[in-house]
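Single-structure report; data block below.
The values are calculated or read from the model by the stated rules, or taken from the named source; none is laboratory data. This is a predicted model, so every value here is computed, not measured. Heads up, the Cβs are rebuilt from the backbone with ideal geometry, glycines too, and the neighbour counts pull from every protein chain shown.
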Amino acid sequence: MGGRHQRRAEQFGVRQWLQLGAASAGVGAALLGFSLVGPDIGTAAADTSGESSAASTGSAGGAESTGPARSTPSADRESGTAATDTDRTDDGGSDDAVDDADDRVGRVGARQLDQSVEDSSDVATTDENAADGDDAGDDDAADDVGEDEVAEERASADGDDTRTTPAPATVTATATTTPRPTHEERVAEKIAKISASAQAWIDARPVSDERKDELEAAWAALRRNLLNQAPTLTPVQLTGVITGEVTGTVDALDPDGDRLVYRVVRGPATGKVHLNSDGTFTYTPGEHFDGVDTFVVRAVDLGLHINLLDWFRPIGTRAGALINQGAVTFDFAYTEGAEHWTPERRAALQRSAEALVTYLRVAKPVVLTYEIEGVDNPDVRWLAGAGSGLISRDPGYWPTVVQNKLLSGKDANGAEYDGSIEWNFAKPWALGDVVVGDEYDFMSTAMHELLHSFGFASTLEAPGTNSGRRWSIFDSFIGTADGTGLFAADFTWPSSADPYLTGFAGGVFFGGENAVAAYGKPVPLYSPNPWKDGSSSAHLDDDTFTGDDFQLMNHKAKGHGMVEVREISAIEAGILRDLGYTVVMPRQPALATGALIGLSA
């Protein structure tokens, strides 16, 4: 009897499990059947190409995967050319409205004297100068560009006639358009919907939590075996961008939790790479290394897998790893006021430029040339300014000369300077990591200004003056709080959009896809009333980003006697990505000593 009861009990347990399995299988089959009639069924692409962009953002290592000038609170910088970035003002000691005026006024309008004659179209800086960019659209205005301070930058922008310029604007007026999803993305979306439906069905069952756990386990097994997805990877270099050991991780992720194996399927051109079993790698430059190299990694999820929605799903996924070390170098030519640039100040500028470059990866080695000027003028409030001209005078959205060189490796202005920087040494500057008393943070200001020359700059001008049709790429993403673009399809700025420039309905916003993903909605830009040349629309909003959320590209500098923001935030990284950059946020590399899976010479 005891044996019989025991067998019955065992059989009862088996029956229960079979019933649960059958139920889950039934749910899966029904949901799968429903999905299979959808229009997304098709042949999956073979292993993704060697481009890192083919890989998804997930990763085992958790990796993440362009102005105006700064001014002191007392300076009311007039706008300069669109490309100059002299808007940052010192906000430290003023307590009244004047402080606001100076906020980064220096950055935007650091080149005040030139502002009136600067043509924004020629200059790509985002300060007051950037505001002039609208006029740049007009041939006459463009011809006027070339004044003193921004002359170099403008010249680079004006030199379009003799430069090899890319085809007209590739950015559409509606910058918020979502790209068409890939086949893999469509399949993943469908699987996610099926999983959500299955989970909802399980949650609605009138059974115990224990039974629901069993159903979830059964569904997970069914999904892993019948809807298995290929892994994704986004190789990223984590250290050695300037000097030192080059390390990184493949940042692989398998949607189903399968064990992954990595291999180097195409080695670097001049160096060697050691790939560890945990996906981390070390790269050693070769004799002919020029600053940039690449190799291709493949991630394979072990086991025999089927995907009923993607029968020809690749066995593994490939992605290219981009290596930079000393790929971006700066050639600073100290001209007018060079005596103000002591060896210590020059070294501080170099360190600041290198700190900024560590966030970027380029496909070709480049040398960025800047004209550097210095003044000692206590009668103005601006701290510093920088800029770079737009590469074309034709209608459309264009990169700055510096931005174009970083993104394409091509020199758009020949022997002319790619950008320019002007610095006011009337204020005390802290060149290191300790900032006290009346000192201002040199490094933070330099990084802010350089970013303007990199394309984080608007060429919009005051309401009623935007008659041109040539703008910065940054401008192409400017819209309203709900993401609606403000430029017309023919690159004109409608007068009906003028109120937004001075704060109507929250002002103007940056609506690039990556920036919106980082912030959760369009990013508010500095839109004061009245308009501030060289500052308005070219910075992040000071009233929004405050306290611990203060951003490097805020219009106003925090003040003196403190270390300011010296890093790019996720929001600013999103904006840079929308401007075309490959951005890598810093994180602690987790190099492992696991077994060597791949070795390529």
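Of everything in the range 448-457 that's assigned to a loop (DSSP other than H, G, I, E, B) and on the phi < 0 side of the Ramachandran plot, which residue is surrounded by the most Cβ atoms within 10 Å (Cβ to Cβ)?
Ala457
Here is a yes/no grid of residues against (1) closer than 27 Å to Met553 by Cβ; (2) touching a Leu at 6+ places or on another chain (Cβ under 8 Å); (3) not charged (D, E, K, R):
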| residue | (1), (2), (3) |
| --- | --- |
| Phe312 | no, no, yes |
| Ile323 | no, no, yes |
| Phe332 | yes, yes, yes |
| Pro343 | no, no, yes |
| Leu349 | yes, no, yes |
| Leu360 | yes, yes, yes |
| Thr369 | yes, no, yes |
| Gly387 | yes, no, yes |
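Under 27 Å from the mean Cα position of the chain (by Cα) and closer than 21 Å to Gln325 by Cβ: which single residue out of Leu356, Leu390, Leu383 fits that description?
The match here is Leu356.
Report, by residue number, each residue of the range 245-265 that is under 13 Å from Ile323 (Cβ atoms) and surrounded by fewer than 24 Cβ atoms within 10 Å (Cβ to Cβ).
Glu245, Val246, Thr247, Val264
Scan the range 427-443 for residues that are surrounded by 15 or more Cβ atoms within 10 Å (Cβ to Cβ), closer than 16 Å to Gly559 by Cβ and among the aliphatic types (A, V, I, L, M) and jot them down.
Matches in the range 427-443: Ala430, Val435, Met443.
Within the range 526-563, track down each residue that is of a type in the set (Lys, Arg), under 13 Å from His448 (Cβ atoms) and crowded, with 24+ Cβ neighbours inside 10 Å.
Of everything in the range 526-563, just one residue is of a type in the set (Lys, Arg), under 13 Å from His448 (Cβ atoms) and crowded, with 24+ Cβ neighbours inside 10 Å, namely Lys556.
What strands (runs of 3 or more DSSP E), lying completely within the range 251-291, carry at least 2 residues that are β-branched (Val, Ile, Thr) and in contact with a His (Cβ under 9 Å, 6 or more places away or on another chain)?
Answer list for the range 251-291: 280-284.
One line per residue, one yes/no per condition, for (1) in a helix (DSSP H, G or I); (2) among the small types (Gly, Ala, Ser); (3) at pLDDT below 90:
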site	(1), (2), (3)
Ala167	no, yes, yes
Thr172	no, no, yes
Glu189	yes, no, yes
Ala192	yes, yes, yes
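If the requirement is being among the small types (Gly, Ala, Ser), more than 30 Å from Thr232 (Cα to Cα) and touching a strand residue (DSSP E or B) at 6+ places or on another chain (Cβ under 8 Å), which of these qualifies: Ala363, Ala353, Ala319?
That would be Ala353, the only listed residue that is among the small types (Gly, Ala, Ser), more than 30 Å from Thr232 (Cα to Cα) and touching a strand residue (DSSP E or B) at 6+ places or on another chain (Cβ under 8 Å).
Regarding Thr284, is this residue within 15 Å of Thr249 (Cα to Cα), surrounded by fewer than 23 Cβ atoms within 10 Å (Cβ to Cβ) and over 25 Å from the mean Cα position of the chain (by Cα)?
yes
Can you tell me which residues in the range 401-427 are at pLDDT 95 or above and under 30 Å from Met562 (Cβ atoms)?
The answer is Val402, Gly419, Ser420, Ile421, Glu422, Trp423, Asn424, Phe425, Ala426.
Considering only the range 458-482, state which residues are under 24 Å from the mean Cα position of the chain (by Cα), surrounded by 17 or more Cβ atoms within 10 Å (Cβ to Cβ) and either modelled with pLDDT under 95 or in a loop (DSSP other than H, G, I, E, B) (or both).
Listed by number, the residues that qualify are Ser458, Thr459, Leu460, Ile473, Thr480.
Which of the residues spanning the range 307-355 are of a type in the set (Asp, Glu) and modelled with pLDDT of 95 or more?
Asp331, Glu336, Glu339, Glu344, Glu354
Does the range 413-454 hold any residues that are over 16 Å from Glu371 (Cβ atoms) and of a type in the set (A, V, I, L, M), and which are they?
Residues satisfying the conditions are Ala426, Ala430, Leu431, Val434, Val435, Val436, Met443, Met447, Leu451.
Can you tell me which of Gln229, Gln237 is at negative phi, at pLDDT 90 or above and either in a loop (DSSP other than H, G, I, E, B) or not acidic (Asp, Glu) (or both)? Spell out the reasoning first.
Values: Gln229 fails: at pLDDT 90 or above.
Sole residue among the options that is at negative phi, at pLDDT 90 or above and either in a loop (DSSP other than H, G, I, E, B) or not acidic (Asp, Glu) (or both): Gln237.
On the given criteria, is Trp382 surrounded by 24 or more Cβ atoms within 10 Å (Cβ to Cβ), among the aromatic types (Phe, Trp, Tyr), in contact with a strand residue (DSSP E or B) (Cβ under 8 Å, 6 or more places away or on another chain) and at pLDDT below 95?
yes
Only one of these conditions is not met by Asn404: (1) crowded, with 24+ Cβ neighbours inside 10 Å; (2) in contact with a helix residue (DSSP H, G or I) (Cβ under 7 Å, 6 or more places away or on another chain); (3) of a type outside the set (Gly, Ala, Ser). Which number is it?
It is condition (2) that Asn404 fails.
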